[in-house]
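Pasting a structure here, questions to come.
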Amino acid sequence: MGVRIKSTGISRDTDTFSIVELSGRAARRAMENAGVQPGQVGVLINAGIFRDSNTVEPAVSALIQKAAGIGLDYVKEDPRSFSFDLMNAGSGVLNAVQVAQAVLATGSTEHVLIVSGDTHPSLERSAGDSEFPYATAGAALLLEFTDEPDGFGRVHTVAGTGTPVVESYVDVATMGDKGRGLMTVERDADFEDRLLAVASDAARKALADADREHATIALIASTPAPGFPERLAAELGLAADAVRTPDLSQGDPHTAALPLAYDAAVQDDSLNAFSHVLFVAAGAGPSAAAVLYRLPAVVGALA
């Protein structure tokens, strides 16, 4: 018994740079792909970090919930739903999986919807660059409880030591009235190596849950730098051809990297040779999270 991915949804549409709209579209597509109605989603968790115009209030999750059409009726007999932001840099999606496991285990809702994605606060571009390396994209994972052995195992987390490797902030002292559309991102020179260290630590903890003699494992990891998942695979002794990555042509999709990569792998049937996916996320702190996901017998039958 556990929690599994029922469906995925993504949005890299080019008619808008709004992460509220893109995440809302991804959420709607995930529900449509699964034949699930909005009233069947009891909880929506937003793991995105960089948002439209540096919005602080209200919670961006509430705006995405509205864009997704979830919980918009207020009649007493209507199904209840709520949403919240869960922000932990690149690890947020797996932290949201932890929360979803706890919620779904109670039987209080049929589905939990995790959305993630980032955009430049100016809403004027989608591709990352040296100053703001993150690509605009929205992604969603629709999760359900199952009596089958499929699904997520225990999420393992690791917190590194020392100063943060990545810092993002609005410099209000110098930005004047332009702060709603600007963001400063600073990364240490050794940020990739420090993220690799915590990611490897978390991944090894997750791999300890597996029967390595019988498990065939694909790797889906954060993409803070080109080749990061491949470096992680080498550290873990996994084959390079076990790595699955999202489209990185526009830069790092950051919080959306894991669901984008999983969706792409399902769409091209490239997980059929594997029994498990090792999801590994890392960022900022430095911190990392990892979990082993047991695939259904027919990959793509649910997602």
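With respect to GLY237, determine if the residue is touching a residue at least 12 places away in the same chain (Cβ under 8 Å) and either of a type in the set (Gly, Ala, Ser) or within 16 Å of ALA137 (Cβ to Cβ) (or both).
Criteria not met by GLY237.
Within the stretch 98-146, can you find the residues that are out of contact with any Asp or Glu (no Cβ under 9 Å at 6 or more places or on another chain), more than 30 Å from ARG80 (Cα to Cα) and either of a type in the set (Lys, Arg) or outside any loop (DSSP other than H, G, I, E, B) (or both)?
ARG125
Next question, about the same structure. Within the stretch 119-149, take every residue that is of a type in the set (D, E, K, R) and farther than 23 Å from PRO246 by Cα and give me the one that is surrounded by the most Cβ atoms within 10 Å (Cβ to Cβ).
If we take residues in the stretch 119-149 being of a type in the set (D, E, K, R) and farther than 23 Å from PRO246 by Cα, then GLU144 is surrounded by the most Cβ atoms within 10 Å (Cβ to Cβ).
Taking the stretch 147-175 as the region of interest, how many residues are closer than 25 Å to GLN101 by Cβ, part of a loop (DSSP other than H, G, I, E, B) and either without any contact (Cβ under 8 Å) to a residue 40 or more places away in the chain or touching a helix residue (DSSP H, G or I) at 6+ places or on another chain (Cβ under 9 Å) (or both)?
Here the count works out to 4.
Given (1) modelled with pLDDT of 95 or more; (2) of a type outside the set (D, E, K, R); (3) over 14 Å from the mean Cα position of the chain (by Cα), identify the lone condition not met by ALA303.
ALA303 satisfies all of (1) modelled with pLDDT of 95 or more; (2) of a type outside the set (D, E, K, R); (3) over 14 Å from the mean Cα position of the chain (by Cα) except (1).
Could you list, in sequence order, all residues of the stretch 60-84 that are at pLDDT 95 or above and over 17 Å from ALA26 (Cβ atoms)?
Result: PHE84, single match.
Let me ask you something else. Yes or no: the stretch 102-119 includes at least one residue that is in contact with a Pro (Cβ under 8 Å, 6 or more places away or on another chain), at positive phi and small (Gly, Ala, Ser).
yes
Within the stretch 13-30, does at least one residue satisfy the condition of being part of a loop (DSSP other than H, G, I, E, B), modelled with pLDDT under 95 and farther than 24 Å from ALA264 by Cβ?
No, every residue in the stretch 13-30 fails to be part of a loop (DSSP other than H, G, I, E, B), modelled with pLDDT under 95 and farther than 24 Å from ALA264 by Cβ.
Go through the stretch 232-266 and count every residue that is surrounded by fewer than 19 Cβ atoms within 10 Å (Cβ to Cβ) and among the charged types (D, E, K, R).
Number satisfying all stated conditions: 3.
Restricting the search to the stretch 57-110, which residues are of a type in the set (Ser, Thr, Tyr) and farther than 24 Å from THR255 by Cα?
Answer for the stretch 57-110, where residues must be of a type in the set (Ser, Thr, Tyr) and farther than 24 Å from THR255 by Cα: TYR74, THR106, SER108, THR109.
For the stretch 109-129, which positions are within 22 Å of LYS66 (Cβ to Cβ), in contact with a Gly (Cβ under 8 Å, 6 or more places away or on another chain) and hydroxyl-bearing (Ser, Thr, Tyr)?
Within the stretch 109-129, THR109, SER116 qualify.
In the set SER7, SER23, which member is among the hydroxyl-bearing types (Ser, Thr, Tyr) and within 15 Å of ALA137 (Cα to Cα)?
SER23
Of everything in the stretch 77-100, what is under 10 Å from the mean Cα position of the chain (by Cα) and surrounded by fewer than 22 Cβ atoms within 10 Å (Cβ to Cβ)? Give them in sequence order.
Correct list: ASN95 only.
Let me ask something else about it. Determine the pairs where a residue that is surrounded by fewer than 16 Cβ atoms within 10 Å (Cβ to Cβ), located within the stretch 176-189, has a partner that is basic (Lys, Arg) with Cβ atoms under 6 Å apart, the partner being 6 or more residues away or on another chain.
From residues that are surrounded by fewer than 16 Cβ atoms within 10 Å (Cβ to Cβ), there are no pairs.
Still on this structure: For residues that are exposed (fewer than 10 other Cβ atoms within 10 Å of the Cβ) and farther than 27 Å from ALA208 by Cβ, tally how many sit in the stretch 156-175.
Going through the stretch 156-175 one residue at a time, the tally reaches 3.
The values are calculated or read from the model by the stated rules, or taken from the named source; none is laboratory data. Bear in mind the structure is a predicted one, so any value in this text is a computation, not a measurement. Using ideal geometry, Cβ is built from the backbone for each residue, glycine included, and neighbour counts are taken over all protein chains shown.
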